[in-house]
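Some notes on the structure that comes next.
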Amino acid sequence: MLIKRPKSWEIPENMASSEATFINRRNLIKAAGFGGIGVAAGLALPGGRMEAAEPDPTAELYPSGMNPAYADVGRPITDEETNSQYNNFYEFGSHKRIFKEAQKLQTRPWTVTFDGLVEEEMTVDFDTLVRAMPLEDRVYRHRCVEAWSMVVPWSGFALKELVAYAKPLSSAKYIRFETFNDAKTASGQRQIWYPWPYVEGLTMAEANNDLSFIATGAYGKPIAKQFGAPLRLHTPWKFGFKSIKSIVRVSFTDEQPVSFWEEILPAEYGFYANVNPEVPHKRWSQATEEVLGTGERVPTQLFNGYAEQVAHLYKDVPEDQLFY
Ligand code: MTE
């Protein structure tokens with residue numbers, strides 16, 4: 001975010017796979033009997049491919065069944081290899097090629113703590129939590145504040161299901177998420193000028209909107225470490241930095257949380273961070289975006305194309321707070 005975006009990810013258009021290709025590949029994997037072997041705990045091979053190091057205990061949950069309301073975003077799904085090798089995950093380095101370094105993340109055991117304004121604080125093992133949730137597949141557009149985008153086939157569950165599970169009090173106005181903090185494993189967290197751990201937040205209305213999604217799988221299998229295993233948020237109408245990875249803590253509060261990037265540069269990265277092509281970032285235009293893996297630059301859409309689902313959430317918020 002603070003550094004200039006390299007162009008190294010640009011690949012020819014014919015390498016981007018369509019949804020049909022992706023679905024066919026999933027069927028092939030299943031037919032070959034590999035459906036039960038997870039790669040979330042995998043090793044990175046040359047070229048970014050992953051090899052299973054240990055079986056993922058939740059592998060049989062994926063793919064989870066497409067939610068038809070979110071099956072088509074009018075663009076091809078970004079090729080898995082492209083997506084897997086171009087990531088923002090500052091815990092593992094402040095550049096895009098963190099996928100090998102991110103394999104150091106230990107995702108078992110993994111617990112999530114629910115606290116703050118809740119009926120009862122609790123800490124739950126991830127494998128128990130994910131099995132308590134109604135899993136589904138959704139295809140989402142993802143728009144980074146750096147003006148690149150991709151299309152990701154997630155599996156997971158609506159955030160509102162997690163909210164219901166946590167039983168917040170009616171006095172809760174915001175939900176606050178926190179990523180792990182482990183400088184021994186995550187070399188980026190040794191960069192002490194960053195305000196670790198990574199924090200993000202939403203209003204309760206945003207959290208309960210059907211679009212807010214917790215991804216636990218991607219491309220028909222458990223989510224890869226560089227995508228934020230074992231669970232990460234995706235709010236597709238907002239800039240990508242809101243979509244916090246590798247969550248360990250979910251708190252309910254009546255105070256607006258201050259997020260990681262907001263704490264570093266409050267004039268450039270605000271709380272709402274909704275996508276709007278007409279509101280430039282302080283240092284660059286947001287009018288268009290480079291679609292990862294296609295070499296194409298396309299116009300950016302208001303709320304990243306999800307205005308119908310979310311615009312009503314902001315009737316009472318001053319417009320100058322909404323789009324950065
Ligand atoms: N979450 C954590 N914990 N750390 C990060 O550095 N980067 C954010 C978001 N979530 C980030 C994070 C940014 S800037 C983006 S664009 C997306 O993750 C990138 O997600 P991807 O790597 O799966 O494309």
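So the values come out like this:
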{"item": "Ratio of Rg to Rh over segment 65-314 (Cα coordinates, Kirkwood Rh, two decimals)", "result": "0.93"}
{"item": "Nearest-0.05 FRET efficiency for GLN191 and GLU278, computed from C-beta distance (R0 35 Å)", "result": "0.55"}
{"item": "Inter-label distance for VAL258 and ALA69, nm, one decimal - labels placed 7 Å from Cα along Cα-to-Cβ", "result": "3.6"}
{"item": "Overall Cα dimensions of segment 50-209, principal axis frame, Å, largest first", "result": "43, 42, 36"}
{"item": "Computed over segment 65-314: relative contact order in percent, which uses C-alpha pairs under 8 Å that are six or more apart", "result": "22"}
{"item": "Set LYS184/LYS242; LYS160/LYS245; LYS96/LYS238 screened for pairs whose C-alpha atoms are more than 23 Å apart", "result": "LYS184/LYS242"}
{"item": "Cα shape, segment 65-121, gyration tensor, a/c 1.5 rule", "result": "oblate"}
{"item": "Contour excess over end-to-end distance, with Cα ends at LEU265 and ALA287 and 0.36 nm allotted per residue", "result": "5.8 nm"}
{"item": "Length gained when the stretch LYS167-ASP320 is fully extended (0.36 nm per residue, less Cα-Cα span)", "result": "51.8 nm"}
{"item": "Separation in nanometres of the label points that stand 7 Å from Cα toward Cβ, at GLU121 and HIS312", "result": "3.7"}
{"item": "For GLU263, GLU290, order by how many other beta-carbon atoms lie within 10 Å, fewest first", "result": "GLU263, GLU290"}
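No lab work stands behind these numbers, since they all come straight from the coordinates. Remember, predicted model here, so these are calculated numbers, not experimental data. For neighbour counting, all protein chains shown are included, and Cβ atoms are generated from backbone atoms with ideal geometry for every residue, glycine included.
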